[in-house]
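Colleague: To start, I am sharing the structure in question, which I have written as structure tokens.
The values are calculated or read from the model by the stated rules, or taken from the named source; none is laboratory data. What you see is a predicted model; the values in this text were computed from it and never measured. Note that we place each Cβ from the backbone using ideal geometry, even for glycine, and neighbour counts take in every protein chain shown. Keep in mind that these areas ignore ligands, DNA and RNA; they rest on the heavy atoms of the full protein, side chains included. Shrake-Rupley method; radii C 1.70, N 1.55, O 1.52, S 1.80 Å.
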Amino acid sequence: MNASQWIAKADKYIMKTYGRYPLVPVRGEGCRLWDADGKEYLDFLAGVAVNNLGHCHPKVVAALQRQAAELIHCSNYYHIPSQIELAELLCAHSFADKAFFCNSGAEANEAAIKLARKYAREKHGDAERYEIITALASFHGRTMATISATGQEKVQKFFDPLLHGFRYVPFDDADALAAAVTPQTCAVMLEPIQGEGGVVVPSADYFRRVREICDRHGLLLIFDEVQVGIGRTGKLFAHEHFGVFPDIMTLAKALAGGAPIGAMLARDEIAAAFSPGTHGSTFGGNPLVTAAGVAALRAILEEGLLNRAEEMGEYLLGELERLQAKHPSLVREVRGIGLMIGMELTIPAGEIVLKGLDRGVLLNVTHDSVLRFVPPLVVTKQEVNEMIAILDGILEETNR
């Protein structure tokens, strides 16, 4: 079938929970995708920061093929070697001592919310200590608990009553956070860099002050690294840029090279609050996805992709700043770290994305007016130049 035929069938059978573009990708390699009509696209969205290794990295493909031929799934009633290996790798390269595996970022954040509440109740002997402070413009997922944690009304609209026990403060405002702490507060949950909120990087001192507030009041600090973790910013975890470490961290998206996975990591003392039966996941951390996770994480660490993300991020940022100087009436600001970069426009960015799609480059808009660039970490300078030339042409045309 061609792309139009697939889209017609999707309109008939798929619920309309997404505003989909008229694109039917059927094959991918590195930073490029091909659709059902054979048209080639340069991918600067990477499955919303999932495909950090690019499409179909050979080591991830080989791990999936090997594992699929041996054992696809078994229950978490049993011990799973690839799950154990992935947990060991994550703990060896982070602050954490233990990992819990699930299927998505939302599930990882659900687990973090539950663990924070249970730990606080057991440590302080206070059932009323359950409130979690999050940030305005944050995004933590689409389940009921995680939309309650998310500080965006547009995500919560139509789904009230929300889950009780969340308080929202402005991002990058430590004074507001300190003022929001009450005897009911058990944790603070923040993204090191807000992604869906418009690629917002906080000031250098923000997280140091947040850590001090948490330590002063006995609160847990949860970092949601679902979008910014696994090398996206040039370090394995984005909080490393700020020199501040959490008590709990959540991961998903890029963790298994494109396979669906989520993870929550914690220090031993906190992880001990979860006992058998208090939390779980049927598919979480199964042999297939964790084999992919081991291959993906090893590839990122062994192939120098952290340095590459930093190097290519600086180059992409510079090229986008050059476009800002060339189109000052359209580009308000360029910001970001590594290959997590936002270009804030003075106009809605949706039309720019559509024009990019027509010209063979996949772009993304977040927070209405921010173009979000999250290409695979394997992106080349030539591919950056190709995208920049197309975007320059679109901005030139828009400015006429």
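Colleague: Could you list, in sequence order, all residues of the range 247-260 that are over 23 Å from L221 (Cβ atoms) and open to solvent by less than 10 Å² (accessible area, probe 1.4 Å)? Explain how you work it out, then say what you get.
Modeller: Restricting attention to the range 247-260, the residues satisfying the condition of being over 23 Å from L221 (Cβ atoms) are 256-260.
Result: A256, single match.
Colleague: Is there a residue in the range 153-165 that is in a helix (DSSP H, G or I) and in contact with a helix residue (DSSP H, G or I) (Cβ under 9 Å, 6 or more places away or on another chain)? Outline the logic, then answer.
Modeller: Narrowing the range 153-165 to residues in a helix (DSSP H, G or I): 153-156.
With in contact with a helix residue (DSSP H, G or I) (Cβ under 9 Å, 6 or more places away or on another chain) added as a condition, the list becomes 155-156.
Among the residues of the range 153-165, at least one is in a helix (DSSP H, G or I) and in contact with a helix residue (DSSP H, G or I) (Cβ under 9 Å, 6 or more places away or on another chain), which makes the answer yes.
Colleague: Restricting to the range 266-292, give me the number of residues that are open to solvent by 20 Å² or more (accessible area, probe 1.4 Å) and either within 30 Å of V61 (Cα to Cα) or among the aliphatic types (A, V, I, L, M) (or both).
Modeller: Of the range 266-292, the ones open to solvent by 20 Å² or more (accessible area, probe 1.4 Å) are 267-269, 271-272, 274-283, 288.
From what is left, the residues that are either within 30 Å of V61 (Cα to Cα) or among the aliphatic types (A, V, I, L, M) (or both) are 271-272, 280-283, 288.
Matching residues across the range 266-292 total 7.
Colleague: Right, another one. Having 2 or more residues that are open to solvent by less than 30 Å² (accessible area, probe 1.4 Å) is the bar; report the strands (runs of 3 or more DSSP E) wholly within the range 6-46 that clear it. I'd like the intermediate steps shown before the answer.
Modeller: On the way: elements: 25-29, 32-35, 40-43.
In the range 6-46, 32-35, 40-43 are the strands (runs of 3 or more DSSP E) which contain 2 or more residues that are open to solvent by less than 30 Å² (accessible area, probe 1.4 Å).
Colleague: Pairs needed: first member in the range 370-393, under 17 Å from I352 (Cα atoms); second member anywhere, among the polar types (S, T, N, Q) and surrounded by fewer than 24 Cβ atoms within 10 Å (Cβ to Cβ); C-beta distance under 6 Å; at least 6 residues apart or different chains.
Modeller: R372/N364; R372/T366
Colleague: List pairs: first residue in the range 341-359 and more than 13 Å from F44 (Cα to Cα) and β-branched (V, I, T), second residue open to solvent by less than 10 Å² (accessible area, probe 1.4 Å) and in a helix (DSSP H, G or I) anywhere in the structure, Cβ distance under 9 angstrom, at least six positions apart or on different chains.
Modeller: I352/L391; I352/I394; I352/L395
Colleague: Considering only residues that are open to solvent by 50 Å² or more (accessible area, probe 1.4 Å) and among the polar types (S, T, N, Q), which ones fall in the range 47-75?
Modeller: The one that is open to solvent by 50 Å² or more (accessible area, probe 1.4 Å) and among the polar types (S, T, N, Q): Q65.
Colleague: Going through the range 25-82 one residue at a time, which ones are farther than 30 Å from N2 by Cα, more than 26 Å from the chain's Cα centre (by Cα) and of a type in the set (K, R)?
Modeller: Of everything in the range 25-82, just one residue is farther than 30 Å from N2 by Cα, more than 26 Å from the chain's Cα centre (by Cα) and of a type in the set (K, R), namely R66.
Colleague: Could you tell me whether A178 is at pLDDT 95 or above and more than 25 Å from E107 (Cα to Cα)? Break it down stepwise before answering.
Modeller: Values: at pLDDT 95 or above: yes; more than 25 Å from E107 (Cα to Cα): yes.
For A178, the condition - at pLDDT 95 or above and more than 25 Å from E107 (Cα to Cα) - is met.
Colleague: Same structure, new question: Looking only at strands (runs of 3 or more DSSP E) that lie completely in the range 313-400, which have at least 2 residues being over 24 Å from the mean Cα position of the chain (by Cα) and at pLDDT below 95?
Modeller: On the way: elements: 331-337, 340-345, 370-373.
Filter on the range 313-400 gives an empty set.
Colleague: Which residues, counting only those in the range 97-152, are part of a helix (DSSP H, G or I), out of contact with any Phe, Trp or Tyr (no Cβ under 8 Å at 6 or more places or on another chain), open to solvent by 40 Å² or more (accessible area, probe 1.4 Å) and free of Cβ contacts under 8 Å to residues at least 40 places away in the same chain?
Modeller: Matches in the range 97-152: E110 only.
Colleague: Same structure again: Name the residue that is surrounded by the fewest Cβ atoms within 10 Å (Cβ to Cβ), counting only residues in the range 225-238 that are closer than 15 Å to L90 by Cα and not small (G, A, S). Spell out how you get there, then give the answer.
Modeller: Applying the first criterion (closer than 15 Å to L90 by Cα) to the range 225-238 yields 225-226, 229-231, 235-238.
Still in the list and also not small (G, A, S): 225-226, 230, 235-237.
Numbers: E225: 30, V226: 27, I230: 30, K235: 18, L236: 20, F237: 24.
Top of the filtered list is K235.
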